[in-house]
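A short worksheet on the structure shown next.
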Ligand code: ACM
């Protein structure tokens, strides 16, 4: 890990040197162009010269339904500006203003952001759209807005209009809490960063062979012994129901919906260590700390299995306000094909029984019960006949092709953490595909979005999460949000290069890819 730390330190030094070398007489850097935003907005119309200047007199005004969003924005703008930025009722006259207004069109998540010399207006049909507009506004201010301490400079925003709305309704990230437990504080820090790029779902992989990370009251031994050791014995821990609900609330305030996953019928060794009756022979297996996959299976012929599964789904559904409950279903190599289908035929409808849309890895489409489910494609091929047939039958799809969207894979052979079974994934690889045409027979409108999974076999702390997620997470976020017509590597890499100093200012340990010209 030492090389890892040193290379990060060198990268950080390289990023700060050009700033130090800037002559004192140079003009202050301009505010970012409206076209610099990540993910690229649907429509940008600059109005040169119509600059807004944020000053000590600026107020944030909002209708009551937008007040929380206004307060978050003001909290984010105060540290670097040092301004009071009071949050006031929309009706109060006077003062230069950032105004958050509800009404108009653009769907649930779209917004219009207008910058004139007098006012910045964000208008949206719903609060989620207003929140998205505030994420854009942060990127239109000079990068020093991300400083944690006061910076004396002009806080200008270039004039013009951005009309924006998402290409896909589902723009996801996934974090694996099973192979290594990540604390609620780490999960919240990740939510803060992904929501900046308008990612609106966080899928938590809560159970696997090495650990069970969510309290289930009817099966309490699952989380006795800290929920299992994790890989190399370095990842014990679990979420209490109160902690899980607190994460759900924290995410919701940032317009991120939590998607819980309990993986079955494979990836269940930790559950079987706690409850040997979940094996067919009733013998508890030893706890596992290695990274093998595909060796464990629930006992498909046992009614105890279905009592367990229903209890878990019921308790998790009750804790989860979001629409999706992910039941895994991947790599069940220790379950026969016939048993697998028998299991899914019974379990997919159980998710619906508790009011949620069933969601699983693409193997679930072996069962006809997946017709009303969402399947997450994680293959490395560009054909999957089973999934394509399910799509023709109604199944919706989230695209996470492992050789493009798996942000736990190494960038190149020198990457100190991460796996490489799906290949090396540099930023350009993560960006260079189209969710609607990647997989034969799986096109819009069956595709509801994209997700960037981050598995934790080699992760230990928040720095590791950040190093693998950034800058690839924004690449996947842009594929999910921006119109296909805007997809352009030269544009994206230039925008990333300009964004890098913001991560540095926020203390985010991103990977300074040599493919990007970092400013
Ligand atoms: C997976 O990567 N096994 C879904």
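Of all residues in region 22-45 being within 11 Å of residue 157 (Cα to Cα) and surrounded by fewer than 18 Cβ atoms within 10 Å (Cβ to Cβ), which is modelled with the lowest pLDDT? Steps first, please.
Taking region 22-45 as the starting set, the residues that turn out to be within 11 Å of residue 157 (Cα to Cα) are 30-34.
Pick out the ones that are also surrounded by fewer than 18 Cβ atoms within 10 Å (Cβ to Cβ) and you get 30, 33.
Values: 30: 77, 33: 96.
Step by step, filter region 22-45, then rank; the result is 30.
Among the residues of region 440-454, none qualifies, meaning not one is in a loop (DSSP other than H, G, I, E, B), within 16 Å of the ligand (Cβ to nearest atom) and more than 20 Å from residue 260 (Cα to Cα). The set of residues in region 367-387 that are outside any loop (DSSP other than H, G, I, E, B), buried (at least 18 other Cβ atoms within 10 Å of the Cβ) and within 16 Å of the ligand (Cβ to nearest atom) comprises 370, 374, 375, 376, 377, 387. Of the residues making up region 51-73, those that are assigned to a helix (DSSP H, G or I) and surrounded by fewer than 22 Cβ atoms within 10 Å (Cβ to Cβ) are 64, 65, 67, 68, 71, 72.
From the list 517, 429, 444, the lone residue that is more than 27 Å from residue 80 (Cα to Cα) and over 19 Å from the mean Cα position of the chain (by Cα) is 444.
Residues in region 402-425 that are within 13 Å of the ligand (Cβ to nearest atom) and surrounded by fewer than 21 Cβ atoms within 10 Å (Cβ to Cβ) were compared, and the one that is nearest to residue 322 (Cα to Cα) is 402.
Among the residues here, residue 495 does not qualify as touching a helix residue (DSSP H, G or I) at 6+ places or on another chain (Cβ under 9 Å), surrounded by fewer than 20 Cβ atoms within 10 Å (Cβ to Cβ) and part of a helix (DSSP H, G or I).
If the requirement is being loosely packed, with under 15 Cβ neighbours inside 10 Å and within 16 Å of the ligand (Cβ to nearest atom), which of these qualifies: 294, 282, 328, 266?
On the way: 282 fails: within 16 Å of the ligand (Cβ to nearest atom); 328 fails: loosely packed, with under 15 Cβ neighbours inside 10 Å; 266 fails: loosely packed, with under 15 Cβ neighbours inside 10 Å.
Going through 294, 282, 328, 266 in turn, just one is loosely packed, with under 15 Cβ neighbours inside 10 Å and within 16 Å of the ligand (Cβ to nearest atom): 294.
When 321, 287 are checked against the criterion of being surrounded by 15 or more Cβ atoms within 10 Å (Cβ to Cβ) and more than 16 Å from the ligand (Cβ to nearest atom), 287 stands alone in meeting it.
The values are calculated or read from the model by the stated rules, or taken from the named source; none is laboratory data. As the structure is a prediction and not an experimental result, all values here were calculated from the model. Because the Cβ atoms are built from the backbone with ideal geometry, glycine has one as well, and the counts that use them run over all protein chains shown.
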